[in-house]
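The values are calculated or read from the model by the stated rules, or taken from the named source; none is laboratory data. Fair warning: this is a prediction, and the values are worked out from it, not measured in the lab. Cβ atoms come from the backbone with ideal geometry, glycine included; neighbour counts cover every protein chain shown. These accessible areas exclude ligands, DNA and RNA; they are computed on the full protein's heavy atoms, side chains included. Shrake-Rupley method; radii C 1.70, N 1.55, O 1.52, S 1.80 Å.
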Amino acid sequence: MVFSSGFKCLALSILSIMLLASPANAFLLDNEEIGRLQSSLSTQEKGERIAAWAERFVGTPYDPDPNGLYVTTRRIVADESVDCMYHTFRSVELALTNTPGEAAALALRLRFHTGGVIGDDGLVQNYDERYQYAMDMVRGGRWGEDVTSTLGGTLSVRGERGLNHVDILPRDGIPKSLDRMRSGDIVFFVKDPEKRVVGEIVGHLGILKREGDEVYLIHASGRKNRGGRVAKVPFGSYTANMPFVGIMVTRFESKSPAP
């Protein structure tokens, strides 16, 4: 993976900001350890790297902040507690880069409709321009290619916020599609149109990891008012009892360039 000199300079600048803005106990790993793990994973396929980072967060406390700790504190890196969106953001950003600073710089490109802006205080100035709805991650194309239709027969359900409909893999079709799913796939769980509250199509998201014939879901499992932790569970069992009508899946293809 090759980065431009401009990207590297931005990454080094943001790394300095990370050291100033993040709490001392921000993550199970410090930046030196994160860099070593990035280096050790660098020869693996993109999907395997994404899944490995997702799994590295297992056990991390669920973020109780309604807006997300990273948003409220205006930080790019807030690894001490995570919700499902931040867990996905961070796992992908760490997997697609070579250093902690590059991961933070990539976050400014990926998490925002127009690009994140760091102020003189070292904090994000425009989190109001972030992806607030997970469906926008699918539509924006920066979080992998939508491969839902390649996994099995899809079902069209009502959309929201300018979308007439969305095509999903229905819950009862997931068992027959497990053999087509790969490590690093991002799964977006679609809510029943009759149970949506504020126009949110996607109610949850997580990352898949394939181990032989078994597929696992790694996700920030919890609720804002009840707590929880990042967990790794058999995907088939989870979807058999989930409260969602189906899923959408995006994938970073191995040969595609970094977004």
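Values as computed for the structure displayed
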item	result
Computed helical MRE - 222 nm, the chain, DSSP H runs ≥ 4 contributing -39500 (n - 2.57), nearest 500	-9000 deg cm²/dmol
Summed side-chain charge close to Tyr127 - residues other than Tyr127 whose Cβ falls under 9 Å, Lys, Arg +1, Asp, Glu -1	+1
Tilt relative to the chain, helix 5-21 - C-alpha long axis, 0 to 90 degrees, to 10	90 degrees
Length released on extending from Arg158 to Glu145, taking residue separation times 0.36 nm less the Cα-Cα span	2.6 nm
Label-to-label distance, nm, for residues given as Val58 and Val117 (7 Å Cα→Cβ offset)	4.2 nm
Percent RCO, i.e. relative contact order, over region 113-259, from Cα pairs under 8 Å lying at least 6 residues apart	25 percent
The chain, dipole about Cα centre (Lys/Arg Cβ +1, Asp/Glu Cβ -1), debye to the nearest 20	320 debye
Pairwise label distance in nanometres, Asp172 with Glu129, each label 7 Å out on the Cα-Cβ vector	4.6 nm
Label-to-label distance, nm, for residues given as Arg223 and Met242 (7 Å Cα→Cβ offset)	1.8 nm
Cβ-defined net charge surrounding Asp192, 11 Å radius [Lys, Arg +1; Asp, Glu -1]	+4
Global form of region 62-197, assessed from the alpha-carbon gyration tensor, a/c cut-off 1.5	prolate
From the coordinates shown, percent of Cα pairs over 25 Å apart corresponds to which of (1) 52; (2) 59; (3) 41	(3)
C-alpha long axis of helix 84-95 to longest principal axis of the chain, angle in °	60 degrees
If the convex hull is drawn through the Cα atoms of region 50-121, its volume per residue in Å³	92 Å³
Accessible surface of the chain [probe 1.4 Å, protein heavy atoms]: carbon and sulfur percent	50 percent
Degrees separating the helix 100-110 axis from the principal Cα axis of the chain, which is the longest one	50 degrees
Built amide H within the under 5 Å cut-off of Val117, gap 5+	Gln125, Asn126
Of all DSSP beta bridges in the chain, antiparallel share, percent nearest 5	95 percent
Å² of accessible area per residue within the chain, as computed with a 1.4 Å probe and no ligands counted	45 Å²
Cα gyration tensor shape of region 162-240, rounded if a/c is under 1.5, else prolate or oblate by comparing a/b with b/c	oblate
Dimensions (Å) - region 139-201, Cα atoms, principal axes, largest first	33, 28, 16
